[in-house]
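The values are calculated or read from the model by the stated rules, or taken from the named source; none is laboratory data. For clarity, every value in this text was computed on a predicted model and none was experimentally measured. Cβ: placed from backbone, ideal geometry, glycine included. Neighbour counts: every protein chain shown.
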Amino acid sequence: APAAQAGWVVLHCPALRGPAALRPRHLRPLLLADHLAQLLRAQGVGVRLVPALAEEGSREVLRRLRVDWPSGSGGSALPDTVSALRRALGRSPCAAACEQGPGTAAPPEDVICKVHLKSFVEQQGLVGYDPNLDVLVVTEGKLRSLAELQQAVLQCAVSNPAALPASCFPDIGSCCGIVHVVSCEEEFQQQQLDLLWRILDPGAHTALQKHLVCGPVKVTNPSSPIGADQYFQLRKRQMYKASVMKYGELVQDEAWTEVIDTLTAAAIRFEMLSTAHRSQVTLDLEDSSISTKGTKSGAFVMYNCARLATLFDTYQRAVERGTYPPLLPVSELNFSCLREEGEWLLLFNYILPFPEVLQQAAQLPPPSKGIRITANTETVCKFLIQLSMDFSSYYNRVHVLGEPLPHLFDQMFARLRLLGAVRDVFHSALATLHLPPLSQI
């Protein structure tokens, strides 16, 4: 129930307001916001994602990447919110008309006025803003962007009513955190919008705006600028080639289409998210850059998750044939049979600390000063890569399903229970990346 939510966060991704064709650099903040939304929800936090998806092309590429983003026109109340913001603009001492000087062209039709941001920053004693912020030309489009944010905050308030300090928009009855997830190229424009919103609505929610900034995405050796769709198709072709090399003609099978799509989404998500969000990501588009073997890749993680599915499937079939007895309840198992160092490593480094790993990844610590925040958005990908390496090393060394001899069953059951817990960790972690576990590769 909404009342049980541990607060609300609005995640705003301006990349979706940009050009019709998304580029890889737009995907980074989008994938990060999508992952962060899942992590926050897992901690009981309510999340609203803004803006709603309007572009059909963007919707298709995001669907392939398994991004769960709301679509629509922004709701029927949007024009009223835009009008309320316009009225607030008319009353603001920071606003001034855009005069047309002699010999200059008339301002575009959607220009409303200009707003002095620099003087507002100085008057309010705000820190962390770009010193080059000066005069902003306010357009209908900018007010519409703010109206969508205003609506999202209002929806949070309706879901979780509680008293809030006065705002120009009295309908807003509860405070929620607002995080702008932006690429470094969009940071300046987002700071302009942030200040405009503070000017038009000096409520507690606008004062809680924070900026989570992603470093640049550098594409090596592109023949021309590459779109997000081309990037997906390129990685998909490479994943298909790598799979054919590994599994041969089996890959022609129709069931493999879904597998290749999932592996491609995993490869791209790990490529974008396993680096700290402030650092640069370099995309190597050469064929040699991707494989199912590279231990740093999403495909490697998916492959190890599938190995676990195969193990349990093999065991289940053997139980049905009467080769092995069914797995005993945990209370009847003898875990002292687990003597391998690799087994204790999986327990103490992954299974036990996993809830804390998820909690840390969802933390949005407030900055000591200024408006930029740093989040540990790379934590889950790095955790999964490390888990895959340690699980793979253990699994290659230990024969889990041994001879069907009664004196070996205690050890086999204990190992199966341990690996069942490892499988649960894989599934839960992959769910925060919207990646379904593969049952076979």
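Per-structure values
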item: Selection status of H434, surrounded by 14 or more Cβ atoms within 10 Å (Cβ to Cβ) and part of a loop (DSSP other than H, G, I, E, B); result: yes
item: Failed criterion for S224 (all others in (1) at pLDDT below 90; (2) in a helix (DSSP H, G or I) hold); result: (2)
item: Residues of region 396-413 satisfying the condition of being closer than 12 Å to T323 by Cβ and among the hydrophobic types (A, V, I, L, M, F, W, C); result: L401, L405, F409, M412
item: Matching residues in region 384-399 - criterion: being buried (at least 17 other Cβ atoms within 10 Å of the Cβ) and among the hydroxyl-bearing types (S, T, Y); result: S388, Y394, Y395
item: Those residues of region 53-68 which are over 15 Å from the mean Cα position of the chain (by Cα) and either without any contact (Cβ under 8 Å) to a residue 24 or more places away in the chain or farther than 21 Å from R269 by Cα (or both), in sequence order; result: A54, E55, E56, R59
item: Helices (runs of 4 or more DSSP H) fully within region 299-403 counting 1 or more residues that are farther than 30 Å from I178 by Cα; result: 341-346, 379-397
item: Residue check, V219 in a strand (DSSP E or B), surrounded by fewer than 21 Cβ atoms within 10 Å (Cβ to Cβ) and in contact with a His (Cβ under 8 Å, 6 or more places away or on another chain); result: no
item: Looking only at region 134-185, and only at residues there that are acidic (D, E) and in a helix (DSSP H, G or I), the one that is modelled with the highest pLDDT; result: E148
item: Enumeration of residues in region 64-91 that are modelled with pLDDT of 85 or more and assigned to a loop (DSSP other than H, G, I, E, B); result: L65, R66, V67, D68, W69, P70
